[in-house]
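Encoded as structure tokens, the structure appears first; notes follow it.
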Amino acid sequence: MAKEHRRDFWLFLSPWLIGFLLFALGPILFSLWLSFTDYNIFKSPEWVGLANYKEMFTDDPLIWKALWNTLFYAFFAVPLGTFFAMMVAILLNQRVKGQSIWRTIFYLPTVVSGVAMGVVWRWIFDPEVGLANTILRPFLKLFNLPDPQWLLDPNLAKPAYILMSLWGIGGGMIIFLAGLQNVPKHLYEAAEIDGAGIWGKFRNVTVPMLTPVIFFSLTMGLIGSFQIFTQAYVMSGRGVDNSTLFYVLYLFEQAFRYFRIGYGSAMAWVLFAIILAITVIKFSLAKRWVHYTGDEA
Amino acid sequence: MNTKKKIILYLLLTAGAALMLSPLLWMVSTSLKDPANVMKMPPEWIPDPVRIENYSEACQAIPMGRFYLNSLFIAITVTVCQVMTSAMSAYAFARMKFPLRDKMFFGYLATLMIPATITMIPVFILLQQLGWIDSYKALIIPGIFSAYGTFMLRQFFMTIPVDLENAAKIDGCGHFRIFFNIVLPLSKPALATLTVFTFMGNWRSFIWPLIVTQSIEKKTLPVGLTAFQGQYSGDWHLLMAASVVAIVPVVIVFIFNQKHFVKGIKLSGFGGT
């Protein structure tokens, strides 16, 4: 019996164990080692100690540019995305007719996102014939303003990406909708008795009750937007003056275009450190201002 | 709610919905336009004349069929295998007793937190040493073993009452029969949700196929599309037709599985991206 049990156990666990060792734990350790080497695939790796990390921090201005671009993008895209996702969810929660149809419409963009939509957005932002400028042009003409160059303008390229990111608020919206459905009705009734209007109820009931969701949405959004790659690769690459050289795009170039495997690995570990820092801050901040109701904590 | 508030509410929702849908409508509309009308000002939303040939031209210009088959083959294979490996390990973690079980599970959870950006370089080197670069093996095998759904399925399996299995055990059923005859049938909703999400994720997958493919015959749809984009930049009617073709499968999967999406997002919180 016991022997049979053990055999079953290994059969059940082996696919996972192989995957875990070969494609998770093993690569993680291998990557850490690679980050201390100089390696270009064609000659064997050479141990260089902290040289890659040192180069990143002291000798590579582009990495700071890439970090800045990524931070800039995340700093605006994530809070704005969370805000609009919450607003749409609140609107949809008002006993709207055909709620599921509205929900489908707002979620559809998230479903189709990827390379194909990157191509579409590149065209929408085309300065000459793009949809964005075609619609804006009559208004801009009133004030004698020139056509915005969007992805071709170093100052507008990142804002264009931020605008585009708002198109993908559907996932957040669904999480907020679920959160709103958990807000007890009696809280609103109590607030109404106390004479609270729309704003009062929003400020004193909805927002405090949604803090766990807001928090979740902000941190997941931050972690996600730090890894923006596909859109950048498809739409503008590095961009004019490296204005859209995002962190993972730069990492990809270093590792797979110039085959600077060691340097790319070091970059990946710095990215991991950033994500880890966000997670740690998340947990320490959560205690302070997130309101958890008993069973949700 | 009074009428004035209702009007404002529906106005806001309509404006939002219009913003959400316009890029998609614009894409479909352009994909059906005559090249001469693509850049017409003011833009026309309903193409006149409708030009279906854009689609056949796009499919001739690039090996769309090949990309499509590659994407479908890879996404389906990886999805089926991944759901299976996730279910097996989830069963082991939820129902089998073995030393270090919870420590191993914790280790698994910790690796989920590590961004794929870290593992992609070493896995690439591993496959390169094995000579697998630019092969289906490179596109499929790392995906098969990533038991991403283990956590979700384990949580679900824990909610299944043990009594059923105990009864089966008394009747002499081993783990295999319990797994296939009791646990899996009872977990259909969770398995369906995981399947839908895994398929969508694989269909969209971009950076990995971009790294491990070189020849045009091995490229998946998203990677092939980027190559096409450079070659035909400016031929927006063809690019839009190709884009429409690329998103049709996800739209179909989405429309027929909406409830799984809502459930999956609530469970995983990842919003499907």
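Given B:Ile121, B:Ile133, which one is modelled with pLDDT of 90 or more and assigned to a helix (DSSP H, G or I)? When all the criteria are applied, what remains is B:Ile121. If you go through segment B:21-39 and keep only what is more than 10 Å from chain A (Cβ to nearest Cβ) and part of a loop (DSSP other than H, G, I, E, B), you end up with B:Leu32, B:Lys33, B:Asp34. Selection of segment A:96-116 for residues being assigned to a helix (DSSP H, G or I) and without any contact (Cβ under 8 Å) to a residue 40 or more places away in the chain yields A:Gln99, A:Ser100, A:Ile101, A:Trp102, A:Thr104, A:Ile105, A:Val112, A:Ala116. Checked across segment A:3-17, the condition of being under 27 Å from the mean Cα position of the chain (by Cα) and surrounded by fewer than 17 Cβ atoms within 10 Å (Cβ to Cβ) holds for no residue. If you filter segment B:229-246 down to residues that are more than 9 Å from every other protein chain (Cβ to nearest Cβ) and buried (at least 20 other Cβ atoms within 10 Å of the Cβ), you find that the one that is nearest to B:Glu44 (Cα to Cα) is B:His237. Just to be sure, is A:Pro159 in contact (Cβ under 8 Å) with a residue 40 or more places away in the chain and closer than 19 Å to A:Asp241 by Cβ? So A:Pro159 fits the description; yes.
Of all the residues in segment B:109-157, those that are within 9 Å of chain A (Cβ to nearest Cβ) and more than 21 Å from B:Thr195 (Cβ to Cβ) number 15.
Would you be able to say whether some residue in segment A:191-199 is touching a residue at least 12 places away in the same chain (Cβ under 8 Å), in a helix (DSSP H, G or I) and touching a His at 6+ places or on another chain (Cβ under 9 Å)? Checked against the condition, which is being touching a residue at least 12 places away in the same chain (Cβ under 8 Å), in a helix (DSSP H, G or I) and touching a His at 6+ places or on another chain (Cβ under 9 Å), segment A:191-199 yields no hits at all.
Here's the yes/no breakdown for (1) within 19 Å of A:Gly221 (Cβ to Cβ); (2) surrounded by fewer than 18 Cβ atoms within 10 Å (Cβ to Cβ); (3) over 22 Å from the mean Cα position of the chain (by Cα):
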{"position": "A:Pro27", "(1), (2), (3)": "no, no, yes"}
{"position": "A:Ser31", "(1), (2), (3)": "no, no, yes"}
{"position": "A:Leu34", "(1), (2), (3)": "no, no, yes"}
{"position": "A:Asn40", "(1), (2), (3)": "no, yes, yes"}
{"position": "A:Glu55", "(1), (2), (3)": "no, yes, yes"}
{"position": "A:Ala85", "(1), (2), (3)": "yes, no, no"}
{"position": "A:Arg103", "(1), (2), (3)": "no, no, no"}
{"position": "A:Thr110", "(1), (2), (3)": "yes, no, no"}
{"position": "A:Val115", "(1), (2), (3)": "no, no, no"}
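Restricting A:Gly224, A:Gly168 to residues that are of a type in the set (Gly, Ala, Ser) and over 27 Å from B:Glu44 (Cα atoms) narrows the list to A:Gly224. Looking only at segment B:83-115, filter to residues that are within 23 Å of the chain's Cα centre (by Cα) and outside any helix (DSSP H, G or I); which one of those is farthest from B:Ile160 (Cα to Cα)? Only one residue fits best here, namely B:Pro115. In segment B:3-14, the residues that are closer than 14 Å to A:Phe106 by Cβ reach residues that are at pLDDT 90 or above with C-beta atoms within less than 7 angstrom, at least six apart or across chains, in these pairs: B:Leu12/A:Leu91; B:Leu13/A:Leu91; B:Leu13/A:Trp102.
Taking the conditions (1) within 21 Å of A:Phe75 (Cα to Cα); (2) outside any loop (DSSP other than H, G, I, E, B) in turn, A:Asn155 satisfies each one other than (2). A single entry from A:Val280, A:Val234 fulfils the requirement of being within 14 Å of chain B (Cβ to nearest Cβ), closer than 24 Å to A:Phe76 by Cα, in contact (Cβ under 8 Å) with a residue 24 or more places away in the chain and not acidic (Asp, Glu): A:Val234. Please verify whether segment A:146-154 includes one or more residues that are farther than 28 Å from B:Glu44 by Cβ, in contact (Cβ under 8 Å) with a residue 24 or more places away in the chain and under 26 Å from the mean Cα position of the chain (by Cα). Yes: one or more hits. Somewhere in segment A:82-95, is a residue more than 12 Å from chain B (Cβ to nearest Cβ), assigned to a helix (DSSP H, G or I), of a type outside the set (S, T, N, Q) and at negative phi? Among the residues of segment A:82-95, at least one is more than 12 Å from chain B (Cβ to nearest Cβ), assigned to a helix (DSSP H, G or I), of a type outside the set (S, T, N, Q) and at negative phi, which makes the answer yes.
Among the criteria (1) among the small types (Gly, Ala, Ser); (2) within 18 Å of B:Met88 (Cα to Cα); (3) away from chain A (no Cβ under 14 Å), the one B:Gly174 does not fulfil is (3).
Residues checked against (1) of a type outside the set (Phe, Trp, Tyr); (2) more than 19 Å from B:Val250 (Cβ to Cβ); (3) at pLDDT below 90:
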{"position": "A:Leu91", "(1), (2), (3)": "yes, yes, no"}
{"position": "A:Arg103", "(1), (2), (3)": "yes, no, no"}
{"position": "A:Gly118", "(1), (2), (3)": "yes, no, no"}
{"position": "A:Trp121", "(1), (2), (3)": "no, no, no"}
{"position": "A:Asn133", "(1), (2), (3)": "yes, yes, no"}
{"position": "A:Met164", "(1), (2), (3)": "yes, no, no"}
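Only residues that are more than 7 Å from chain B (Cβ to nearest Cβ) and small (Gly, Ala, Ser) were counted across segment A:4-47, and they come to 4. Of the listed requirements (1) farther than 30 Å from A:Asn204 by Cα; (2) modelled with pLDDT under 95; (3) of a type in the set (A, V, I, L, M), A:Val290 misses just one: (1).
Is there a residue in segment A:238-258 that is within 18 Å of B:Gln128 (Cβ to Cβ), more than 10 Å from chain B (Cβ to nearest Cβ) and part of a loop (DSSP other than H, G, I, E, B)? Looking through segment A:238-258, at least one residue is within 18 Å of B:Gln128 (Cβ to Cβ), more than 10 Å from chain B (Cβ to nearest Cβ) and part of a loop (DSSP other than H, G, I, E, B). Looking across segment B:40-66, just one residue is within 10 Å of chain A (Cβ to nearest Cβ) and buried (at least 17 other Cβ atoms within 10 Å of the Cβ), and that is B:Pro43.
The values are calculated or read from the model by the stated rules, or taken from the named source; none is laboratory data. What you are looking at is a predicted structure, and each value in this text was computed from that prediction instead of being measured. Positions of Cβ are backbone-derived with ideal geometry, glycine not excepted, and every protein chain shown enters the neighbour counts.
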